[in-house]
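Take a look at the structure below.
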Amino acid sequence: METAEAYKSRLSSYLTGKDPIAVLRETPQQIADLIRGVPRERLAQQPGPGKWSVSEIVGHLLDDEVATAWRYRQMLAQNGARLDGFDQEEWARLGGYAEADATESLALFRAIREWNLRMLASLTPDEWNHGGIHEERGATTVRDLAHHMAAHDLNHLLQIRNILV
């Protein structure tokens, strides 16, 4: 089991030398390119016990983008806000990730991501430094969260590639 610090370090390594906003902007299209033409049954196939399928990963990215939208706005409206975590396995169950169509989840993910990117593009330099206290990761800023989400994208893109190879 990976520690929180090891996870954070691993994700951070994926982002080295990359523009986080460019990663956030490009991820939906990269997923679309990876899943284009792949049968729905293949996308729903888990690569091993307890491992998420491509459909489940895309569903997770969708829910995480919803949570991130809320967190950005919490920090911007109330600097220092408390940022709750969530049980990703329970959200997977509630969201029906295993049964969801990856292309439908991707369309929703893309729309919310674009909404978040428009908001990020409008921020003042000071607003990028607004922050909150995440119950699992501690103090974070809007900038930190954008970097984390870009690294999170790269992590899941790697998983999707590995599953579909």
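The values are calculated or read from the model by the stated rules, or taken from the named source; none is laboratory data. Since the model is a prediction, treat every value here as computed from it, not as a measurement. Positions of Cβ are backbone-derived with ideal geometry, glycine not excepted, and every protein chain shown enters the neighbour counts.
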In the stretch 15-62, residues that are among the hydroxyl-bearing types (S, T, Y) and at pLDDT below 95 total 1
Residue set L76, L94, L83, L108; condition touching a strand residue (DSSP E or B) at 6+ places or on another chain (Cβ under 6 Å) and either hydrophobic (A, V, I, L, M, F, W, C) or closer than 18 Å to V142 by Cα (or both); output residue L83
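Output the residue which, of all residues in the stretch 35-51 that are part of a helix (DSSP H, G or I) and out of contact with any helix residue (DSSP H, G or I) (no Cβ under 7 Å at 6 or more places or on another chain), is surrounded by the most Cβ atoms within 10 Å (Cβ to Cβ). Can you show your working first?
First, pick out the residues of the stretch 35-51 that are part of a helix (DSSP H, G or I): 35, 40-43.
This time we only want the ones that are out of contact with any helix residue (DSSP H, G or I) (no Cβ under 7 Å at 6 or more places or on another chain), so: 40-42.
Values: R40: 13, E41: 9, R42: 15.
Out of the qualifying residues, it is R42.
Would you please name the residue that is surrounded by the fewest Cβ atoms within 10 Å (Cβ to Cβ), looking only at residues in the stretch 141-165 that are in contact with a strand residue (DSSP E or B) (Cβ under 8 Å, 6 or more places away or on another chain) and either in contact (Cβ under 8 Å) with a residue 60 or more places away in the chain or in a loop (DSSP other than H, G, I, E, B) (or both)? Spell out the reasoning first.
Of the stretch 141-165, the ones in contact with a strand residue (DSSP E or B) (Cβ under 8 Å, 6 or more places away or on another chain) are 141-142, 144, 148.
Going one step further and asking which of them are either in contact (Cβ under 8 Å) with a residue 60 or more places away in the chain or in a loop (DSSP other than H, G, I, E, B) (or both), we end up with 141-142, 148.
Details: T141: 16, V142: 23, H148: 19.
Taking the candidates together, the pick is T141.
Does L106 count as touching a residue at least 60 places away in the same chain (Cβ under 8 Å), touching a His at 6+ places or on another chain (Cβ under 6 Å) and assigned to a helix (DSSP H, G or I)? Break it down into steps so the answer makes sense when it comes.
Details: touching a residue at least 60 places away in the same chain (Cβ under 8 Å): yes; touching a His at 6+ places or on another chain (Cβ under 6 Å): no; assigned to a helix (DSSP H, G or I): yes.
No: the conditions fail for L106.
Looking at the stretch 81-102, can you tell me whether even one residue there is within 17 Å of I163 (Cβ to Cβ) and free of Cβ contacts under 8 Å to residues at least 12 places away in the same chain? Break it down into steps so the answer makes sense when it comes.
Filtering the stretch 81-102 down to residues within 17 Å of I163 (Cβ to Cβ) leaves 92, 97-98, 100-102.
Cutting the leftovers down to free of Cβ contacts under 8 Å to residues at least 12 places away in the same chain gives us none.
No: zero hits.
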Scanning the stretch 1-14 residue by residue, the ones that are part of a helix (DSSP H, G or I), loosely packed, with under 14 Cβ neighbours inside 10 Å and either among the hydrophobic types (A, V, I, L, M, F, W, C) or at pLDDT 95 or above (or both) total 2
Of the listed residues (A98, A102), the one being of a type outside the set (D, E, K, R), surrounded by 14 or more Cβ atoms within 10 Å (Cβ to Cβ) and in contact with an Asp or Glu (Cβ under 7 Å, 6 or more places away or on another chain) is A98
Query raised in the report: Does any residue of the stretch 126-134 turn out to be more than 19 Å from Q30 (Cβ to Cβ), touching a residue at least 24 places away in the same chain (Cβ under 8 Å) and among the β-branched types (V, I, T)?
Result: yes
Among the residues of the stretch 30-56, the number that are touching a residue at least 12 places away in the same chain (Cβ under 8 Å) and more than 18 Å from V165 (Cβ to Cβ) is 1
